[in-house]
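Student: My questions will all concern the structure given below.
Only the coordinates and a few stated rules stand behind these numbers; no lab work does. All of these numbers come straight from a predicted model, not from anything done at the bench. Cβ: placed from backbone, ideal geometry, glycine included. Neighbour counts: every protein chain shown.
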Amino acid sequence: MNNNFWQLLAIEKTTDITVIRQAYRAKLPEYHPETDPDGFKALREAYELAMQYAKSPELMTEELNQENLAEEVIKPLTEEERQVKEISDNYQALLDDPARCHDVNEWHKFVASFYDYPMSILEIAKWKLLDISYDTVTISLSCVKILADNLRWRQQIKSYSPNDADMYENFFDHIDRGDFFDYDSLPRTNKAIQNVTIDYARCARWLFWEKPAVELAEYLSIHTVVYLPDNPEFMQELADWYYFAKSPNRGLLDYALTCIADPNQEQQIQEQWKSVAAMQYSLLEDEQNALSLWLELYRLPQYQEKATSWLMLWCSKNRFDYLPLLILALNKSYCLTAEDQETYIYSIPQFTPSTISRLLKFRKQNYSNEIAAVITWALDNHWNYRQVLHTLLCDDGNNRLYRLYRHAIMLRHGNKTLLQEILADSSEDEFEQFILQNLQRQARQHLEWLTNLPPVQEFKQWLYQSDENATIPTKFDPDNEKGNQFLYGRLWLDRFDDIPFVAKLHLYRNVTYRNMEMFDWPIYYQFRGVNNLPKSPEQSIIEADKNAYWQWYRYCLLAITIANSPIKAADFIREKDNLFLLPENDPLVPLINTFKSNEWQNDTELYNLIDTDNQLIGSMLVNYPNSIEAFTDSPEEVNWDEIEQIVEQRWAHKLANKSVSCLMLLYMIVFDKPNQKTKLHQILQKLAGDDLQLKKLANAFCDKLSIPSSLKKHNDELQNIDKLYAINKKLNKDDSLCEEEDIEVLEEIGQNNDNNSIIKLSSALLLAKNMDHQKKLQSKSFPPNEWWQIWRWRGRTNLIGFLKQIGFFSLPLFLLIIEAAKKTNLDHPIMLVLCGLATINSILAIKRRLNDCYSNGGIYYFVSATILLPLLLLPCWLSTVNETNRYGPPIEE
């Protein structure tokens, strides 16, 4: 032993183990064990000597001095010293022999050789062996334990070296833990390779357990040559270190692939090595092979969570648009078997908290509008189908991505046919096939729910029964407080299908539009008489063309999309031009072509381009902002502060070629205001032009006269105009309202004039004007009406109040007059006063009753009712108006 090992390591003398190890690692590339075995051996010995010095510098210095002295003066050994040295040399030879140093049998032979020596020699030699073992860095702990147990080191250490007992106790504990892999699996021909591999593994293992991943990664990235032993336990642990440090290792991957390919390998072991190979493929950026293995590992419960994390990360990098789809596909809703009403709700597939949290994490990513809409839809508790209409329309049969998104959405909105299409679908792309398989798993759940859940079957029995007058069962009535099972009906209604007319009739009569879910627009079309969606294809057509049913379904969605939000639909269709190629004879073609046109820049320009005279197209524009169709369908949406501007500007193009007489009525309704007389007169005269009959009509409108009978004769249009004109005259003042029969006339005209949009619009505007007057009346502060306020000429009384007023006041007075008449003359002053009071009270009662009924017949109607009172009690039969009128609010019951 000499001091030149510090020069070999190229460092100053130190006790810092980390510095020694770093120096050793830095020198390793210069002394390759195969090309320079002697140099490698010398470097290894220098490393071991440096490590011994770091642990015991004083002892090491003394030994070096003794060796130096021994070199100068060689003393002869005693027999006892010779035997002890012989045992020590034999032990060192065992440690230095690569063929024997890790062989348990060789260690047992070495222990057996102790019988050749006296006990006194062994008592001295065993402590020499302990020191040698302690100083040997790469010794096999499992083998040295054989020696420790036989020589009883732990039991006798305190008698040998009480001061160093704690140090040796730690060493004995270390021995008891044994080797963390079988050192005998290392090559038996080269001790240097054995040492460097053991040291490499021990250091890596310590860093794995004690230090951050970055330090382990730095260590594993150092260029060195080690032998990877054929030891599955060690290689599995080594794989964990590399994966923890995110460091690739091609040799580790090759070993894993060899184990996977071994036909004699147990399935569990093969699965472990598939996990290692998948990790290494990922680290080596061989993502195609990694993907294949991770998809396979996902099917194993023990690797599912790790596989899910990897797949989501891979998808976010390589197939970004598929990520929300992957999250939906991996949703695992474990549904209970429906046994009773209390557990029905738990049998319905739902999105799990894990799915929702993943979607929330990615909802703000830069996705297209159609994919972002799917995330919004999935996070909405109500899963409103309107949110994903554009996404579904993107699936024209040629886009694999949107076909999968369609399948994901159809888990919630698909009927049996579309759920079966999910089960029948397949893909040649393994990642898409993986997504599809998970969607198919969920599709089977939904099919079972639709087929077997009792409340769903009961709801369908009511829906499909042939009795057209069958009312909805109370438990399914959404407007009944006991309708707690409508949830199951709603979840079924959320899946559009081609249902028979009787089923549509049941929905129309029993369920409001807002609760019909995907059937709201089809029912609207059916019972407004404007459009029936096409029937679904026959089964023979579906069998011949697998895409036929979806194309029918998509066409229905297109009609629903346009009606739901025409402006958004127009923008979408123009943007996705090639997605909507309909046959030339399709009734929607004119509208679709208008949407695709570049001739419009805003909603007004687009509206002017649309052929609203087409009944089908007109029916789809009820949600078009400030359109004739919107006002006709929903008079309550009319804003009277803006109606003049809309008529003159927005509708100018639409009204240009309409019937002049109808336009006169329309302008009469809109501009019939005190400050608009001149403007109205000019408009009507301009419309009439030189036509004599139109001039007569214009003059009648301007002078507030009745339409001449000669004009109305045999002219249905003018007869309707006359009715509407008469109602408009009633609504001339802000405090005037339509009577019930007027409302019926307006509704009838609006429903029976599909071919005359201006007549329908005029009817709707009069309804809107009546509503506007009602709002203004309700905004005023009228005094409350009570039945006993008999003096209020401009008050109201209901039927009960009328009878009380007559019964408590007029009738007793008349009876008193009759009794008094038997005793005195009728012209007696008292009799005259009583008759006057009774008559005045009756007149007041009739007037208050007419005020309550809001009969606008004027003085003539009032006089007639007063004359007929004694005969028919006419006011008793009039119905109460349950709204505020110009006489105040109705009497509260």
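Student: What number, in percent, do you get for the relative contact order of the chain if the mean sequence gap of Cα pairs under 8 Å and at least 6 apart is divided by its residue count?
Tutor: Once divided by the residue count of the chain, the mean separation gives 5 percent.
Student: Run the numbers for Glu86 and Trp788: contour at 0.36 nm per residue of separation, minus the present Cα-Cα distance, in nm.
Tutor: Net length gain for the segment: 239.4 nm.
Student: Still on this model: Return the sequence-ordered ³J(HN,Hα) values of the range 200-216 in whole Hz as given by the Karplus equation 6.51 cos²θ - 1.76 cosθ + 1.60 applied to θ = phi - 60°, using x for Gly and Pro.
Tutor: Each residue of the range 200-216 in turn: 4, 5, 5, 5, 5, 5, 5, 5, 4, 8, 10, 10, x, 4, 5, 6, 5 Hz.
Student: Taking the convex hull of the alpha carbon atoms in the range 643-779, what volume per residue do you get, in Å³?
Tutor: 115 Å³
Student: Excluding residues on the same chain fewer than 8 positions from Lys576, give the aspartates and glutamates whose Cα lies under 18 Å from its Cα.
Tutor: Asp321, Glu370, Asp395, Asp396, Glu599
Student: In Å, what is the Rg of the alpha-carbon atoms in the range 497-587, and how long is Dmax?
Tutor: Cα radius of gyration and Dmax of the range 497-587 are 14.6, 41 Å respectively.
Student: Averaging sequence separations of C-alpha pairs under 8 Å and six or more residues apart, then dividing by the length of the range 321-451, give the relative contact order as a whole percent.
Tutor: Value for the range 321-451: 25 percent.
Student: Eigenvalues of the Cα gyration tensor times 5, then square-rooted: what semi-axes does that give for the chain, in whole angstrom, largest first?
Tutor: 101, 33, 26
Student: Also, quick follow-up: Express in % the proportion of alpha carbon pairs of the range 539-579 at distances exceeding 12 Å.
Tutor: 65 percent
Student: How large is log10 I(q)/I(0) at q = 0.22, 0.33 Å⁻¹ when the Debye formula is applied to the Cα atoms of the range 277-318, each weighted equally and without solvent?
Tutor: Cα-only, vacuum Debye calculation for the range 277-318: -0.62, -1.22.
Student: A further question on this structure: Any chance you could get the radius of gyration and Dmax over the Cα atoms of the range 644-713, in Å?
Tutor: Radius of gyration, then largest Cα-Cα span, for the range 644-713: 11.9, 35 Å.
Student: Restricting to DSSP loop positions (anything but H, G, I, E, B) with no more than 14 other Cβ atoms inside 10 Å of their own Cβ, which trypsin sites (Lys or Arg not before Pro) remain in the range 243-290?
Tutor: Lys246
Student: Another question about this same structure. Restricted to Cα positions, what overall size does the range 248-318 have along the principal axes? Three whole-Å values, descending.
Tutor: 38, 27, 14
Student: Next question. Suppose the Debye formula is applied to equal point scatterers at every Cα of the range 321-451; what is log10 I(q)/I(0) at q = 0.09, 0.12, 0.13 Å⁻¹?
Tutor: Each listed q corresponds, in turn, to -0.25, -0.44, -0.52.
Student: Could you name the aspartates and glutamates whose alpha carbon sits less than 19 Å from that of Lys804, not counting residues in the same chain fewer than 8 places away?
Tutor: Candidates past the 8-residue exclusion: Glu786, Asp852, Glu892, Glu893.
Student: Here is a further query. Highest first, please rank the peptides 148-160, 378-390, 759-771 by the mean number of other Cβ atoms sitting within 10 Å of their residues.
Tutor: Packing proxy ranking, top to bottom: 759-771, 378-390, 148-160.
Student: Under a cut-off of 21 Å between alpha-carbon atoms, report the lysines in cross-link reach of Lys723, not counting same-chain residues fewer than 8 places apart.
Tutor: Lys658, Lys673, Lys695, Lys696, Lys704, Lys712, Lys713, Lys733, Lys760, Lys769
Student: Okay, moving on. Dipole size in debye (nearest 20) for the chain around its Cα centre, Lys and Arg Cβ +1, Asp and Glu Cβ -1?
Tutor: Computed about the Cα centre, the dipole is about 6140 debye.
Student: Can I ask one more? Jot down the radius of gyration and Dmax of the range 5-185, Cα atoms only, both in angstrom.
Tutor: Just the Cα atoms of the range 5-185 yield Rg and Dmax of 17.5, 48 Å.
Student: Within the range 604-664, which GluC sites (Glu not before Pro) sit in a loop by DSSP and count at most 12 neighbouring Cβ atoms inside 10 Å?
Tutor: The qualifying sites are Glu642.
Student: In the chain, with Lys and Arg counted as +1 and Asp and Glu as -1 at Cβ, which of these residues, Thr797, Asn614, Met279, has the Cα nearest the positive end of the dipole, that is, farthest along it?
Tutor: Of Thr797, Asn614, Met279, it is Thr797.
Student: Which whole-number percent is the relative contact order of the range 248-318 (Cα, under 8 Å, 6+ apart)?
Tutor: Relative contact order, the range 248-318: 24 percent.
Student: What does the helix-only formula give at 222 nm for the chain: each DSSP H stretch with n ≥ 4 adding -39500 (n - 2.57), the total divided by the residues, and the result rounded to the nearest 500 deg cm²/dmol?
Tutor: Rounded to the nearest 500, the figure is -19000 deg cm²/dmol.
Student: Can you compute the charge dipole magnitude of the range 321-451 about its Cα centre, using +1 on each Lys and Arg Cβ and -1 on each Asp and Glu Cβ, nothing else charged? Give it in debye, rounded to the nearest 20.
Tutor: Roughly 400 debye, rounded to the nearest 20.
Student: Between the range 531-571 and the range 291-310, how far is it from one alpha carbon centroid to the other, in angstrom?
Tutor: 38 Å
Student: Packing-wise, with mean Cβ within 10 Å as the measure, how do 81-94, 537-550, 120-133 rank, highest first?
Tutor: 120-133, 81-94, 537-550
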